[in-house]
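Step one of this worksheet: look at the structure below.
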Amino acid sequence: MSDISIPGVTSKYNTEELVGKLVEAKKVPLTRMEDTLASYKKQQEAWQEIATLTSKVRESAKRLYGFENPFQEKVAESSDERVLTASTTREALEGTHRIKVTRLATADRFLSDPLSEDYTVPEGTYTFRIGEEEVGFSFSGGTIEDFIARLNRRGEGVLKASIVRQSPTQQVLLIESLKTGKDAALAFEGAARELAVELGLIEPVPVTSFEARFDEAHIAAWETPLEESGHRIVDSTLVLPPGSSLQIPVSPPVKVTPQMVLEVTLDVKELEEPPQPTPPPGPSLPGTEGVTLDGISVEGAPSEVPLPQWTPPPTPARVDDDQVLFAMKNGRTVPLTPLDRGPFPKTITIPLSSLVDGLDAIALRNRNTHKEITISSLRVYDPSVRADFIPKHPVSQAQDAEFLLDGIPLTRPTNDIEDAIPGTTLHLHDTSDRTVNLSIRPDKETIKDTIISFVGQYNRLMAYLNIYTQGDEQVISEIGYFTDEEREGAKEKLGIFRGDMTLTQLRNKLQTIMMNPYETRDPSVRLLAQIGVSTNATRGGPFDRTKLRGYLEIDENVLDAALEKDILVIKDLFGRDTDGDLVVDTGAAFLTEETLKQYGSTGGVYDIRLNTLKTKINATNKEIEDYKEYLQDYEVELRRKYGMMEGMLETLEKNSQEIENFSRSLSNQNR
């Protein structure tokens, strides 16, 4: 059985090896084509890498001279970020502001009395008002959790409710407005009002307020008779000259509630110093007449009266007294908060509950010798009162933020204030007795980072230009920031475009751009090296070949000094409009982008090279596919021919054997 041979399947003539060797010999052109294809693909990958790096350099260059360049960026620095911070736009004005935050904007947040675990909310139409916004819905009755879910769906972004467990066995309802400011006060209407009273969110109170009327019928004497006080009433305002005092009766007397305040709007005017007294002139005596004798005239001498030595009267001592307001109750007088120093006019608000429990008069006294005080309004009220109720357990109440900006009192309904300083948004976080300094200045760190980013992208492009156009492996070993993978990839493509003038010229152009002088607003600064950016920024030390390869360095000390001196000069070095058409037309970053645009834009040098390579790759792939088909056909044809040959040999061998057997048979017969 082992001697059986099937042509084309098994062969005792070793035709399989012969066919393999013949096919392998035919594969030499295929190997050359595959090597060519690999070379094309490696070139394609290299051009794509150059194109990507070029795009990054262009982007970083545009950031230095384009519309969003960092030289117009501002940053706000707060001396106390716990109290306030700020964010700025490019339109912000440089400067320093003094800000004192006296009150934050808050929203109404009310707690209820303790609730039972099985409390149910009755059916009804519930209406809540938050300033001018209304949240209303019908509720068919159910658990407090169902009611909260319904309210939160309807009041999304405006009103919110939740259950707070004050202890393991006690829960309360918290209902809170999501809008800050005094004009966003929370009010309850209809069934909501009844529920709020029942839950202990609010409680009814009598109206407790008082507003002063400035006329003679509504003021009274205090420390001196009215006719001696010197006060004046001018256009419904009360004027208190130096040394005056009086009281304003509060009728009927007011019971002070926990949130009650006294609000006074007043103005303080500095008076001129009185003229200094001069010595008395003494008696006036008539003069004597002269005489004439024989044509000679003699004038009479004026009469003289000896005067006693004059001593000027003592100058009255200056008195400055900020204690102007007093609360009176049952004959007891309590000093209220002294007046702050200007600016005036201003409105001051004084909490009363910690000072008195009731009011039957407000007393006013001006002991200042050089100030006149004018009061235009005075009222006592409880800001927590909502119509005829007050919150029973307020966590916070709706009020505006109050702050002084460069001494000017301002109020806003939120703690994020966009309209106080142009181009700047203030973010109030806490109150403070101290003034916070807010400095708005150019964002030097962003400018510096943008320059560093540009230099980094430029150097990376320059590194690959050196690798692809030079055959010295030291070019790769000099680059310390390469990863192992990048280093191996660079070695594979080392010198791949050696002799390619396109990339060599690009490298030379970029180096020239970085060394050229540029016109700036300061004639003494024209080179990038003067702001610490050059191919030899760090001087000294042994010879360094890398400094000849076009890489840029940054001397941060020199750059920092340049940023401190004049940012706009640095801006000019990277991009400047020289002809007044509001379009940048020169500068290192501008010319870098303009140069690279010829290479990296659609239809540019890189596109042409990549399209050419793509055509070659497609053509080579087609050649390889065609040649592989040819090899397959060639191998099939060889196997067919060798199969036929083996068949013929087998037939000949068989015929030969038959002849030999026939001859042997004849020989045996002859014997």
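The values are calculated or read from the model by the stated rules, or taken from the named source; none is laboratory data. Remember, it's a predicted structure, so these values are computed and weren't measured experimentally. Neighbour counts are summed over all protein chains in view; Cβ atoms, including those assigned to glycine, are modelled from backbone coordinates with ideal geometry.
Which residue pairs have Cβ atoms under 7 Å apart, sit 6 or more places apart or on different chains, and have a first residue in the stretch 25-39 that is within 10 Å of THR620 (Cβ to Cβ) and a second that is hydrophobic (A, V, I, L, M, F, W, C)?
MET33/ILE624; GLU34/ILE624; LEU37/ILE617; LEU37/ILE624
Determine whether TYR65 is of a type outside the set (Asp, Glu), in contact with a helix residue (DSSP H, G or I) (Cβ under 7 Å, 6 or more places away or on another chain) and closer than 30 Å to ARG441 by Cα.
Yes: the conditions hold for TYR65.
Would you check if LYS491 is touching a residue at least 40 places away in the same chain (Cβ under 8 Å) and either part of a loop (DSSP other than H, G, I, E, B) or not β-branched (Val, Ile, Thr) (or both)?
no
Determine whether the stretch 324-341 contains at least one residue that is of a type in the set (S, T, N, Q), more than 30 Å from PHE110 (Cβ to Cβ), at pLDDT 80 or above and in a strand (DSSP E or B).
yes
In the stretch 97-117, which residue that is part of a loop (DSSP other than H, G, I, E, B) and not polar (S, T, N, Q) is surrounded by the most Cβ atoms within 10 Å (Cβ to Cβ)?
Here is the first cut: in the stretch 97-117, the residues part of a loop (DSSP other than H, G, I, E, B) are 104-105, 107-108, 112-114, 116-117.
Applying the additional criterion that residues be not polar (S, T, N, Q) yields 104-105, 107-108, 113-114, 117.
Working: LEU104: 19, ALA105: 22, ALA107: 23, ASP108: 25, ASP113: 12, PRO114: 15, GLU117: 9.
Selected residue: ASP108.
Within the stretch 63-96, how many residues are within 13 Å of the chain's Cα centre (by Cα), of a type outside the set (Asp, Glu) and in a strand (DSSP E or B)?
Count: 7.
For the stretch 186-229, enumerate the residues that are over 30 Å from LYS392 (Cβ atoms), out of contact with any strand residue (DSSP E or B) (no Cβ under 7 Å at 6 or more places or on another chain) and either surrounded by 19 or more Cβ atoms within 10 Å (Cβ to Cβ) or not acidic (Asp, Glu) (or both).
ARG213, ALA217, PRO225
Please verify whether the stretch 637-652 includes one or more residues that are at negative phi, polar (S, T, N, Q), surrounded by 14 or more Cβ atoms within 10 Å (Cβ to Cβ) and not assigned by TED's automatic domain parsing to the domain that holds THR54.
Looking through the stretch 637-652, none of the residues is at negative phi, polar (S, T, N, Q), surrounded by 14 or more Cβ atoms within 10 Å (Cβ to Cβ) and not assigned by TED's automatic domain parsing to the domain that holds THR54.
Return only the number of the condition from (1) of a type outside the set (A, V, I, L, M, F, W, C); (2) modelled with pLDDT under 95; (3) farther than 30 Å from ILE570 by Cα that ARG82 does not satisfy.
Only one criterion in (1) of a type outside the set (A, V, I, L, M, F, W, C); (2) modelled with pLDDT under 95; (3) farther than 30 Å from ILE570 by Cα is unmet by ARG82, namely (2).
Kindly indicate whether THR96 is under 30 Å from ILE452 (Cβ atoms) and not charged (D, E, K, R).
Yes, satisfied.
Taking the stretch 454-463, which residues are of a type in the set (Gly, Ala, Ser) and buried (at least 18 other Cβ atoms within 10 Å of the Cβ)?
ALA463
When the residues of the stretch 143-160 are filtered to those that are aliphatic (A, V, I, L, M) and buried (at least 20 other Cβ atoms within 10 Å of the Cβ), which remaining residue is nearest to the chain's Cα centre (by Cα)? Before the answer, list the steps.
From the stretch 143-160, those aliphatic (A, V, I, L, M) are 144, 148-149, 151, 158-159; that's our starting set.
After this cut, where a residue has to be buried (at least 20 other Cβ atoms within 10 Å of the Cβ) as well, the list is 144, 151, 159.
Values: ILE144: 42, LEU151: 35, LEU159: 29 Å.
Looking at the filtered set, the residue picked out is LEU159.
When residues of the stretch 391-405 are filtered for being aliphatic (A, V, I, L, M) and in contact with a helix residue (DSSP H, G or I) (Cβ under 8 Å, 6 or more places away or on another chain), how many remain?
Residues flagged as aliphatic (A, V, I, L, M) and in contact with a helix residue (DSSP H, G or I) (Cβ under 8 Å, 6 or more places away or on another chain) within the stretch 391-405 amount to 1.
Within the stretch 64-87, which residues are among the charged types (D, E, K, R) and buried (at least 20 other Cβ atoms within 10 Å of the Cβ)?
LYS74
Evaluate the stretch 459-475: report whether one residue or more is in a helix (DSSP H, G or I), among the basic types (Lys, Arg) and free of Cβ contacts under 8 Å to residues at least 60 places away in the same chain. Don't jump to the end; show me each part of the working.
Going through the stretch 459-475, the residues in a helix (DSSP H, G or I) turn out to be 459-469, 474-475.
Adding the requirement that they be among the basic types (Lys, Arg) leaves 460.
With the extra rule that they be free of Cβ contacts under 8 Å to residues at least 60 places away in the same chain, the set shrinks to none.
Within the stretch 459-475 (the criterion being in a helix (DSSP H, G or I), among the basic types (Lys, Arg) and free of Cβ contacts under 8 Å to residues at least 60 places away in the same chain), the answer is no, since none of the residues qualifies.
For ASP522, indicate whether it is modelled with pLDDT of 90 or more, among the charged types (D, E, K, R), exposed (fewer than 11 other Cβ atoms within 10 Å of the Cβ) and in the same structural domain as GLN470 (by TED's automatic domain parsing).
So ASP522 fails the test.
Out of the strands (runs of 3 or more DSSP E) lying entirely within the stretch 146-254, which hold 2 or more residues that are within 30 Å of GLU402 (Cα to Cα) and among the hydrophobic types (A, V, I, L, M, F, W, C)?
Qualifying strands (runs of 3 or more DSSP E): 159-167, 170-177, 186-190, 237-240.
Given (1) in the same structural domain as PRO335 (by TED's automatic domain parsing); (2) modelled with pLDDT under 90; (3) touching an Asp or Glu at 6+ places or on another chain (Cβ under 7 Å), identify the lone condition not met by GLY300.
Of (1) in the same structural domain as PRO335 (by TED's automatic domain parsing); (2) modelled with pLDDT under 90; (3) touching an Asp or Glu at 6+ places or on another chain (Cβ under 7 Å), only one is false for GLY300: (1).
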